[in-house]
1. Restricting to segment 260-283, what's the tally of residues that are over 19 Å from residue 465 (Cβ atoms), surrounded by fewer than 17 Cβ atoms within 10 Å (Cβ to Cβ) and not hydrophobic (A, V, I, L, M, F, W, C)?
2. Please verify whether residue 305 is of a type in the set (A, V, I, L, M, F, W, C), farther than 28 Å from residue 174 by Cα and assigned by TED's automatic domain parsing to the domain that holds residue 56, treating the condition exactly as stated.
3. Could you check segment 331-353 and list, in sequence order, the residues that are part of a helix (DSSP H, G or I) and either among the charged types (D, E, K, R) or buried (at least 23 other Cβ atoms within 10 Å of the Cβ) (or both)?
4. Residues of segment 257-306 being aromatic (Phe, Trp, Tyr), in contact (Cβ under 8 Å) with a residue 24 or more places away in the chain and over 25 Å from residue 157 (Cβ atoms), which ones?
5. If you scan segment 284-299, which residues turn out to be touching a Leu at 6+ places or on another chain (Cβ under 7 Å), buried (at least 21 other Cβ atoms within 10 Å of the Cβ) and of a type in the set (Gly, Ala, Ser)?
6. Of everything in segment 279-304, what is over 20 Å from the mean Cα position of the chain (by Cα) and within 23 Å of residue 219 (Cβ to Cβ)? Give them in sequence order.
7. For segment 367-417, name all the residues that are of a type in the set (Asp, Glu) and surrounded by fewer than 21 Cβ atoms within 10 Å (Cβ to Cβ).
Amino acid sequence: MTDSTTAPAAAPTTTPPPGPHRATLPIVLTGVFLAGLDFFIVNVAVPALQQDLRATDAQIQLVVAAYALTYGVGLITGGRLGDLYGRRRVLALGMTLFTAASVAAGAAPNAELLIAGRVLQGAAAALMAPQVLGVITTSYQGPARTRAVSWYAAASGIAAVFGQLIGGVLIRADLFGLGWRACFLVNLPIGLVAATAAARLLPESKAPGRPRLDLTGLLLVTAALTAICLPLIEGRERGWPLWTWLLLAAGPPLLAAFTVHQRRLRRSGGSPSLDLALFRERAFTAGLAAQLTFWASMASYFLVFALYLQQGRHLAPIGSGLVFSVLGVGYVAASANARHLAARIGRHAVTVGCALRAAGLLLELWAVSGPDRGLWWLVPGLLLDGCGMGLSFAPLTATVLARVPAASAGSAGGVLTTGLQVGNALGVALIGLVFYRVLADTPGPDAVPAAFRACLWYVLAATALFALVVQALPGRKAPGR
């Protein structure tokens, strides 16, 4: 008789999905750094490139505006493309195109081709930037995601704060006799390495199922964002002609048409460009409003502070960049540690950041109010201001992303980064009105300092508004506790 006994069945085991490659975060942060850097670094290069290319003032404005416009209006489209075709694939493509466009801009023999290169740079940046938050959201969970978002905030701030210093150093060094062209060509080695690493090492993720591209929706949202952003970017420089007001008036109806189209497409079982259910989540809606408000006081502040240092204090670009680096030290230190405070007090970490920033701005106001006060008097205020910026941005982004579903990670990243760009454009438009009005009304050598002081009051008001908007965020503790 044979023994019919059998060994007990092995307990079923589950293999956890592989974690992200250790190079994932450095790769995606390179993308957001490059996109942000080229938004700010060009300001330092403007005088040299204008002289070299014999560009008109109108062409110089387009060198700045072409990048900002194509970047800002293409973000939602870029995010959706990542959802549909793979965030790794679209990120690698964006990095490759951005590198090629940077080479074209750096080698441009005339202003027209430089503007064309900037348009391509902006479009490529719109492909890159949304994928960064998309990859972070789908690759990291819990405390790891909170840490990754903190590094994202640090990279964004470093690009903004140190962009002027990096540009000044490159122009001063005059590597290989490139002059201002080095500000664009420096992207070549960085972009090639990052694009290659992204294609080989990043995990792939996309929206589930087989969603289709909603061309009508993407055209509507692109038209709406163009109608809003173009007047904000170009309006003040051109004296607010009639077309700027007509475009601004067309923006809300176009957004309404986009919303109606998305709802209709969802009801019919189609694939809308944007999951409107995101806006039913309080954290996302309030966070988007806070994002817009925060950046409405950031880029505008960087602009007028640079004007004050170079026109009011007569510093060279590299000297101005060194002053900015004080702000950057505070930003990096605070953003790297913001998650620890946010884990204890949640959204109130952002409120603390607002209070620090307000204190820093008041100290800066005092430092620039006396004619005999040297630049050293600005240091305490700049350090506090930078700490307030860093303490605000990372917890804000982490809170907003905490409830975003993985299927909509790219679209959500596109919307959030769009809020950043619209906030930048809105803030620059508003602060430009304040700065140049006071400048025109104040005679003598105190004109620029007086205009800067008036702008600091605007930034203080925007910071107070940001603190109020933040109170609408969910009151629970930050994710990752």
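1. Here the count works out to 8.
2. Values: of a type in the set (A, V, I, L, M, F, W, C): yes; farther than 28 Å from residue 174 by Cα: no; assigned by TED's automatic domain parsing to the domain that holds residue 56: yes.
So residue 305 does not fit the description; no.
3. 331, 334, 335, 338, 339, 342, 344, 349, 350, 353
4. Residues of segment 257-306 that are aromatic (Phe, Trp, Tyr), as a first pass: 258, 279, 284, 294-295, 301-302, 305.
Applying the additional criterion that residues be in contact (Cβ under 8 Å) with a residue 24 or more places away in the chain yields 258, 284, 294-295, 301-302, 305.
If the condition is that a residue be aromatic (Phe, Trp, Tyr), in contact (Cβ under 8 Å) with a residue 24 or more places away in the chain and over 25 Å from residue 157 (Cβ atoms), then 258 is the only one that fits.
5. Scanning segment 284-299 gives 287, 290, 296.
6. 279
7. Of all residues in segment 367-417, those of a type in the set (Asp, Glu) come to 372, 385.
Selection gives 372 alone.
For (1) in the same structural domain as residue 161 (by TED's automatic domain parsing); (2) within 22 Å of residue 357 (Cβ to Cβ), each residue gets a yes or a no:
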| position | (1), (2) |
| --- | --- |
| 253 | no, no |
| 258 | no, no |
| 265 | no, no |
| 287 | yes, yes |
| 300 | yes, yes |
| 310 | yes, no |
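The values are calculated or read from the model by the stated rules, or taken from the named source; none is laboratory data. Worth saying up front: this structure is predicted, and the values here are computed from it rather than measured. Cβ atoms come from the backbone with ideal geometry, glycine included; neighbour counts cover every protein chain shown.
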